[in-house]
Amino acid sequence: MKPGHWALAVCLACWFSGCAVLSSGGTDDAIYDFGPARPGYSGGATNQSILVYDVGAPAWMDTPSIHYRLAYLDAARPRAYASSRWVMPPAGLLSVRLRQRISGMTRGGIVIPADGVRANFALRVGLEEFGQVFDAAARSRGVVRLRATLIGNQGLVGQRVIEVEQPASSPDAEGGVRALTRAADEAIDRTVDWVASQIGN
């Protein structure tokens, strides 16, 4: 085989193997989650069972990307950090955190849709905003907005929008992650407190 043909064959072999040389060597991306779970719920416990659905999110937000907006430049354009991401879409992280907190609030137990078991109440939470907002090049905040809907055996019990902002300690992905984690935890705490106030003992 001529030298030129041999080189071409090697390149094609690498390409059709899925570019394994490029993709299997790992990534330099910084990957984040919300960190360890916080202490259990400190409010009063209830005996009611609760069906907790997965947190829903718009399609564009249903990715592991860490989104930010430059409010001082073009607030209507969400952007994503190139080398940093969540370990899973934020809605998934929020679902885990929410169930952890709800489980500490009820002695009646929590149920997920896959269980196929009826519960006294059902909680649906939708994620409406989850991102780092830059008000200036060096000043940003994490913004989390949830819409919580509580349903009982007789229908809708109540609905509430919960929005939390936390300042970022640095104008980068790490600062955004820390701010968003604090904001997410506070938003979940407010949601759980609201649910507890609606369902009683």
* Asked: Can you name the residue in the range 41-99 that is farther than 16 Å from residue 174 by Cα, of a type in the set (Ser, Thr, Tyr) and surrounded by 15 or more Cβ atoms within 10 Å (Cβ to Cβ) and, of all such residues, is nearest to the chain's Cα centre (by Cα)?
  -> 95
* Asked: Residues of the range 117-159 being more than 19 Å from residue 89 (Cα to Cα) and crowded, with 16+ Cβ neighbours inside 10 Å, which ones?
  -> 119, 120, 121, 122, 123, 134, 140, 141, 150, 151, 157
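Tell me, yes or no, whether the range 119-140 has at least one residue that is assigned to a loop (DSSP other than H, G, I, E, B), of a type outside the set (Gly, Ala, Ser) and farther than 19 Å from residue 45 by Cβ. Steps first, answer last, please.
The initial filter retains those residues of the range 119-140 that are assigned to a loop (DSSP other than H, G, I, E, B), namely 119-120, 137-138.
Now narrow it down to the ones that are of a type outside the set (Gly, Ala, Ser): 120.
Those left that are additionally farther than 19 Å from residue 45 by Cβ: none.
No, every residue in the range 119-140 fails to be assigned to a loop (DSSP other than H, G, I, E, B), of a type outside the set (Gly, Ala, Ser) and farther than 19 Å from residue 45 by Cβ.
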* Asked: Among all residue pairs at least 6 apart or on different chains, which show Cβ distances below 9 Å where the first residue, located in the range 151-174, is assigned to a strand (DSSP E or B) and the second is of a type in the set (Asp, Glu)?
  -> 161/128; 162/186; 163/128; 163/129; 164/185; 164/186; 166/186
* To do: Kindly indicate whether residue 114 is surrounded by 17 or more Cβ atoms within 10 Å (Cβ to Cβ) and either touching a Gly at 6+ places or on another chain (Cβ under 7 Å) or without any contact (Cβ under 8 Å) to a residue 60 or more places away in the chain (or both).
  => no
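Could you pull out the residue among 33, 62 that is over 19 Å from residue 200 (Cα atoms), acidic (Asp, Glu) and out of contact with any strand residue (DSSP E or B) (no Cβ under 8 Å at 6 or more places or on another chain)? Outline the logic, then answer.
Details: 33 fails: out of contact with any strand residue (DSSP E or B) (no Cβ under 8 Å at 6 or more places or on another chain).
So the residue among 33, 62 that is over 19 Å from residue 200 (Cα atoms), acidic (Asp, Glu) and out of contact with any strand residue (DSSP E or B) (no Cβ under 8 Å at 6 or more places or on another chain) is 62.
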* Asked: Is it true that residue 101 is in a strand (DSSP E or B) and either among the charged types (D, E, K, R) or on the phi < 0 side of the Ramachandran plot (or both)?
  -> no
* Asked: Which members of the range 83-106 meet the condition of being more than 14 Å from residue 124 (Cα to Cα), at pLDDT below 95, touching a helix residue (DSSP H, G or I) at 6+ places or on another chain (Cβ under 7 Å) and not basic (Lys, Arg)?
  -> 105
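The values are calculated or read from the model by the stated rules, or taken from the named source; none is laboratory data. Please read all numbers here as calculations on a predicted model, not as lab measurements. In this analysis, Cβ positions are derived from the backbone assuming ideal geometry, glycine residues included, and neighbour counts consider all displayed protein chains.
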